[in-house]
Amino acid sequence: MLSFLKPAKRFVKGAALSAAVLAMAACDPSSLNTGQRISPSAPVPVALLVPAGSSNSGDALLAQSLENAAKLAISDLDGVQIDLRVYATAGDPGTAQAAALKAVDEGAKIILGPVFGEAANAAATAVASKNVNVLSFSNNTTIAGGNLFVLGPTFDNTANRLVAYARANGKDGIMSVYAQNSAGELGNTAINNAIAAQGARAAGSVSYEFSQKGVVAAVNVIKQTAEQNLADAVFLTSNTSGALPLLTQLMPEAGLGPDTTQFMGLTRWDIPAQTLELPGVQGGWFAMPDPALTDQFQSRYAQSYGGLPHPIGGLAYDGIAAIGALVKAGNSDALTSSALTQGAGFQGVNGIFRLRNDGTNERGLAVATIRDKKVVIIDPAPTNFAGAGL
């Protein structure tokens, strides 16, 4: 029996995401137009809040990667001056709150970061009365709204992309399998919302205790529920450090295999690379950014800094790219929420993205499968939001 379950990590997932910027459409009006006005002809003060100083050793690498990616984006801007100021949060909500207030007192017109949900929420709340927007690197949509936007890839975005693709390819009845923890429950909600939004058929949901014993106990229930509800696809919320290896091993052994039922994943099944070796994930579907753009960004980053960026390091590039595109248009309201949520979106290091009025985001994702232990793109990422179905 495999030993795979680890304590839940802070709810931040996703991969590095992308470069320059799409032409933008007219800004959509908003009933709540938050954000500072600027002088487009002067350098724009932008605060970058990173988790430097944290007791978690991995946060130092993440902080440096975010700063490097932001500086790389600034170097790519044409005719736009950004005055980037970096503040350490130590990954702590209280420190993030103080850093956000200090940044605004020192002139910041918009804040990029922090990473972790609680810290991002604290920072945004602290500067809400000062009418400053926050573009956080979190993917936790429960904190989004008002002056707080999340740049991280969301469960909702991934679920909608995969459910739409499944329905278009004859996999109409979709069943959700999720862990009894916060990430699992949020994932299950995203899947069921996507099923409703895309006009697919809900084929049941099965939860399991987040333990090896819990997974083993749930397998027969999963199989019976799939058979009773005529499920065409099983949508798993787990990742490799969670239940994914064991579920994809035990479900086929119980008679629910990819030969009869399509497996789909809410997380990246190519990260870490060892996941590709698992027999149970062969033929499964998952969503990912355009790999060609990801490779391009990683190559440029390596040339500039001598190593690969952190998986979410590209989010800092995205934030600067969006700010730069809006400032370049020459409008004093470039950093307001109505400008940030313009419909055409932006081009980031992993593809197109746009911010929504509710503080969440949409990203153009490719649909991938695993064949012979290799990633194969079966539906490319859209290149614009017109007819993208996102």
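The values are calculated or read from the model by the stated rules, or taken from the named source; none is laboratory data. Predicted, not measured: the structure shown is a model, and the values here were computed from it. Positions of Cβ are generated from backbone atoms using ideal geometry, with glycine treated the same way; all protein chains shown enter the neighbour counts.
Being assigned to a loop (DSSP other than H, G, I, E, B) and farther than 25 Å from Gly348 by Cα: is that true of Gly79 here? Even if it seems obvious, please write down each step before you answer.
Details: assigned to a loop (DSSP other than H, G, I, E, B): yes; farther than 25 Å from Gly348 by Cα: no.
The answer is no for Gly79.
In the stretch 97-113, what count of residues is obtained for those that are assigned to a helix (DSSP H, G or I) and within 14 Å of Ser136 (Cβ to Cβ)? Explain how you work it out, then say what you get.
Here is the first cut: in the stretch 97-113, the residues assigned to a helix (DSSP H, G or I) are 97-105.
Now drop any that are not within 14 Å of Ser136 (Cβ to Cβ), which leaves 97, 99-100, 103.
Number of matching residues: 4.
Are any of the residues in the stretch 294-303 at pLDDT 95 or above, within 22 Å of Ala226 (Cα to Cα) and crowded, with 17+ Cβ neighbours inside 10 Å?
no
Restricting the search to the stretch 360-371, which residues are under 9 Å from Gly283 (Cα atoms) and charged (D, E, K, R)?
Arg371, the sole residue that qualifies.
Among the residues of the stretch 249-272, are any touching a Ser or Thr at 6+ places or on another chain (Cβ under 8 Å), free of Cβ contacts under 8 Å to residues at least 40 places away in the same chain and not small (Gly, Ala, Ser)?
Yes: one or more hits.
Only one residue in Lys109, Lys130, Lys171, Lys102 is of a type in the set (Lys, Arg), under 19 Å from Thr336 (Cα atoms) and out of contact with any helix residue (DSSP H, G or I) (no Cβ under 7 Å at 6 or more places or on another chain). Which one? Working first, answer last.
Numbers: Lys130 fails: out of contact with any helix residue (DSSP H, G or I) (no Cβ under 7 Å at 6 or more places or on another chain); Lys171 fails: under 19 Å from Thr336 (Cα atoms); Lys102 fails: under 19 Å from Thr336 (Cα atoms).
Exactly one residue qualifies, and that residue is Lys109.
Please indicate, with yes or no, whether at least one residue in the stretch 259-281 is more than 18 Å from Ala368 (Cβ to Cβ), small (Gly, Ala, Ser), at pLDDT 95 or above and crowded, with 17+ Cβ neighbours inside 10 Å. Before you say what the answer is, go through the steps one by one.
Residues of the stretch 259-281 more than 18 Å from Ala368 (Cβ to Cβ): 259-261.
This time we only want the ones that are small (Gly, Ala, Ser), so: none.
No, because not a single residue in the stretch 259-281 is more than 18 Å from Ala368 (Cβ to Cβ), small (Gly, Ala, Ser), at pLDDT 95 or above and crowded, with 17+ Cβ neighbours inside 10 Å.
Return a yes/no flag: does the stretch 164-174 have any residue that is over 23 Å from Ala47 (Cα atoms), in a helix (DSSP H, G or I), of a type in the set (A, V, I, L, M, F, W, C) and within 14 Å of the chain's Cα centre (by Cα).
If we filter the stretch 164-174 for residues that are over 23 Å from Ala47 (Cα atoms), which is where we start, we get 164-174.
From what's left, in a helix (DSSP H, G or I): 164-168.
Still in the running and of a type in the set (A, V, I, L, M, F, W, C): 164, 166, 168.
Narrowing the set further to residues that are within 14 Å of the chain's Cα centre (by Cα) leaves none.
Among the residues of the stretch 164-174, not one is over 23 Å from Ala47 (Cα atoms), in a helix (DSSP H, G or I), of a type in the set (A, V, I, L, M, F, W, C) and within 14 Å of the chain's Cα centre (by Cα), which makes the answer no.
State whether one or more residues within the stretch 118-133 are part of a loop (DSSP other than H, G, I, E, B), within 23 Å of His310 (Cα to Cα) and outside the structural domain of Thr237 (by TED's automatic domain parsing).
Filtering the stretch 118-133 down to residues part of a loop (DSSP other than H, G, I, E, B) leaves 129-132.
Filter once more, so that each one left must be within 23 Å of His310 (Cα to Cα): none.
No, the stretch 118-133 contains no residue that is part of a loop (DSSP other than H, G, I, E, B), within 23 Å of His310 (Cα to Cα) and outside the structural domain of Thr237 (by TED's automatic domain parsing).
Conditions: (1) surrounded by fewer than 20 Cβ atoms within 10 Å (Cβ to Cβ); (2) touching a Leu at 6+ places or on another chain (Cβ under 8 Å); (3) not assigned by TED's automatic domain parsing to the domain that holds Ala60. Lys328 meets all but one. Number of the miss?
All conditions pass for Lys328, except number (3).
Only one of these is outside the structural domain of Gly314 (by TED's automatic domain parsing) and touching a residue at least 60 places away in the same chain (Cβ under 8 Å): Val367, Val376. Name it.
Details: Val376 fails: touching a residue at least 60 places away in the same chain (Cβ under 8 Å).
Answer to the check: Val367.
Looking for whichever is surrounded by fewer than 15 Cβ atoms within 10 Å (Cβ to Cβ) and either modelled with pLDDT of 95 or more or over 12 Å from Val327 (Cβ atoms) (or both) here; the options are Ser41, Ser65, Ser57. Which one fits? First the steps, then the outcome.
Details: Ser41 fails: either modelled with pLDDT of 95 or more or over 12 Å from Val327 (Cβ atoms) (or both); Ser65 fails: surrounded by fewer than 15 Cβ atoms within 10 Å (Cβ to Cβ).
One residue alone meets the criteria, Ser57.
Okay, residues lined up against (1) outside the structural domain of Thr141 (by TED's automatic domain parsing); (2) part of a helix (DSSP H, G or I); (3) buried (at least 24 other Cβ atoms within 10 Å of the Cβ):
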{"residue": "Ile195", "(1), (2), (3)": "yes, yes, yes"}
{"residue": "Ala202", "(1), (2), (3)": "yes, no, no"}
{"residue": "Ser207", "(1), (2), (3)": "yes, no, no"}
{"residue": "Val215", "(1), (2), (3)": "yes, yes, yes"}
{"residue": "Ala231", "(1), (2), (3)": "yes, no, yes"}
{"residue": "Ser238", "(1), (2), (3)": "yes, no, yes"}
{"residue": "Gly242", "(1), (2), (3)": "yes, no, no"}
{"residue": "Leu246", "(1), (2), (3)": "yes, yes, no"}
{"residue": "Pro252", "(1), (2), (3)": "yes, yes, no"}
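Go through Ala334, Ala316, Ala287, Ala321 for me and flag whichever is buried (at least 24 other Cβ atoms within 10 Å of the Cβ), small (Gly, Ala, Ser) and assigned to a loop (DSSP other than H, G, I, E, B).
Values: Ala316 fails: assigned to a loop (DSSP other than H, G, I, E, B); Ala287 fails: assigned to a loop (DSSP other than H, G, I, E, B); Ala321 fails: assigned to a loop (DSSP other than H, G, I, E, B).
That would be Ala334, the only listed residue that is buried (at least 24 other Cβ atoms within 10 Å of the Cβ), small (Gly, Ala, Ser) and assigned to a loop (DSSP other than H, G, I, E, B).
Give the stretch 197-221 a look and list any residue that's of a type in the set (S, T, N, Q), more than 24 Å from the chain's Cα centre (by Cα) and closer than 19 Å to Gly187 by Cβ, or say none.
Filtering the stretch 197-221 for residues of a type in the set (S, T, N, Q) gives 198, 205, 207, 211-212, 220.
Then drop every residue that is not more than 24 Å from the chain's Cα centre (by Cα), which leaves 211-212, 220.
The one that is of a type in the set (S, T, N, Q), more than 24 Å from the chain's Cα centre (by Cα) and closer than 19 Å to Gly187 by Cβ: Ser211.
Go over the candidates Ile352, Ile377 one by one and state the one that is in contact with a Pro (Cβ under 8 Å, 6 or more places away or on another chain), surrounded by fewer than 17 Cβ atoms within 10 Å (Cβ to Cβ) and modelled with pLDDT of 95 or more.
Details: Ile352 fails: surrounded by fewer than 17 Cβ atoms within 10 Å (Cβ to Cβ).
After applying the criteria, what remains is Ile377.
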